Amino acid sequence: MRVIDATGNNLGIKPTHEAYRIAEEARLDLVEVAPNANPPVARVMDYGKFLYEQSKKEREARKSQKQVEVKEIRLRPKTNEHHLSFKIRNARGWLEDGNKVKVRVRFRGREITYPEVAMKQLQEIAEQLADISVVEHRPQLDGRTMLMVLAPQKKS
């Protein structure tokens, strides 16, 4: 077994019982870091401190990640221009904040027989928001709803 001491110096290839003795003398743990290597590599270290440092690094990595939220706008084929305009205004704000926007047109009753009305509505929304967004998921009929997903444009 190849042994590395607490300061990072390579002590060479030692039998397992001698590696344990070295760790015991240093009052530290013997941790196998590369079991598949030939010969396996073990390190003399404080295992509790190692786990603490590792969890600290993971927390820092999670802090720096950016969560993308998906906001939703719900419409009907009969939604009038006024309501549509303020829903588009809301979507513009969300996209500027870096969130994705899911636009859902919900059909009730016999409205499902005219999907082209919803398609036209979704295309109009996509055109009005084209300056700050890209269509990530094209309008598609899914049961009694038609969905489209808009994502904020990448800043260049």
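Please express the shape of the stretch 2-63 as an equivalent ellipsoid: the semi-axes are the square roots of 5 times the eigenvalues of the C-alpha gyration tensor, given largest first in whole angstrom. Please list the in-between numbers first.
Details: eigenvalues 123, 37, 15 Å².
So the three semi-axes of the stretch 2-63 are 25, 14, 9 Å.
Helix 81-96: angle to the longest alpha-carbon principal axis of the chain, degrees 0 to 90, nearest 10? That helix lies at roughly 20 degrees to the long axis. Loop-located trypsin sites (Lys or Arg not before Pro) in the stretch 1-104 (DSSP state not H, G, I, E or B) with no more than 11 neighbouring Cβ atoms inside 10 Å: R27, K66, K78. Proximity of backbone amide H atoms, modeled 1.01 Å from N, is registered between L11 and V3, I4, D5 at under 5 Å, excluding neighbours fewer than 5 places apart on the same chain.
Before anything else, pin down the relative contact order of the chain: Cα pairs under 8 Å, at least 6 apart, normalised by residue count, whole percent. Intermediate results must be reported in sequence, preceding the final value.
Details: 213 pairs, mean separation 25.4, N = 156.
Relative contact order of the chain: 16 percent.
Largest mean-square fluctuation among L95, L11, L141, in a Gaussian network model of the chain whose springs join Cα atoms under 10 Å apart, belongs to L11. Of the residues L75, L84, the one with the fewest other Cβ atoms within 10 Å heads the list, and the complete ranking is L84, L75. Between helix 115-128 and the chain there is an angle of about 70 degrees, using the helix long axis and the longest principal axis of the Cα atoms.
Every number here is computed from the coordinates shown, using simple stated rules; none is lab data. Computed from a prediction, not measured in an experiment: that's the story for all the values here. Quick reminder, even Gly has a Cβ in these numbers, built from the backbone with ideal geometry, and neighbours come from all protein chains shown.
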